[in-house]
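Here's the structure, in C-alpha cells; my notes come after.
The values are calculated or read from the model by the stated rules, or taken from the named source; none is laboratory data. As the structure is a prediction and not an experimental result, all values here were calculated from the model. Positions of Cβ are backbone-derived with ideal geometry, glycine not excepted, and every protein chain shown enters the neighbour counts.
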Amino acid sequence: MCSLQKNLYNNEPGEVLYETMFVWNEFLTRGISNPLKNTLWTVTLVYGFFKQASFSVSGRSFKLLLIARRSRHYEPAKRLIAFHYGV
C-alpha cells in the first residue's frame with residue numbers, strides 16, 4: 001500500500017498495486033484488468049474489518065485505526081472449529 005501520489009505517478013503498466021490474496025473480487029475483475037494491463041477501471045474489494053476509535057492520553061487526543069484483512073484463501077477459525085467437531 002502506497003501513498004496516492006506514488007500510486008498515480010510511479011506505477012508501471014500492468015503493475016498490481018495490491019496483494020491479491022486479500023481481494024474478494026479478484027477473479028471477477030481479472031477479465032477486465034488483464035487485457036487492459038491496468039487496474040484503474042476496476043474496484044478492489046478487500047474483505048475484512050476496520051474500526052476507528054478516539055481517545056486521549058495525558059490531555060492529548062489520538063485516533064486509532066484498526067484494519068483486519070481476511071484472506072480469501074483461508075477459512076475463518078469458526079468454520080475450521082465447526083468442521084473439526086462435526087457441527
note = In segment 33-53, anything touching a Lys or Arg at 6+ places or on another chain (Cβ under 7 Å) and over 20 Å from Lys63 (Cβ atoms) is listed as Val46, Tyr47
request  = Could you list, in sequence order, all residues of segment 67-87 that are hydrophobic (A, V, I, L, M, F, W, C), surrounded by fewer than 10 Cβ atoms within 10 Å (Cβ to Cβ) and at pLDDT 60 or above?
outcome  = Ala68, Ala77
query = Can you find even one residue in segment 30-51 that is modelled with pLDDT under 60 and more than 18 Å from the chain's Cα centre (by Cα)?
reply = no
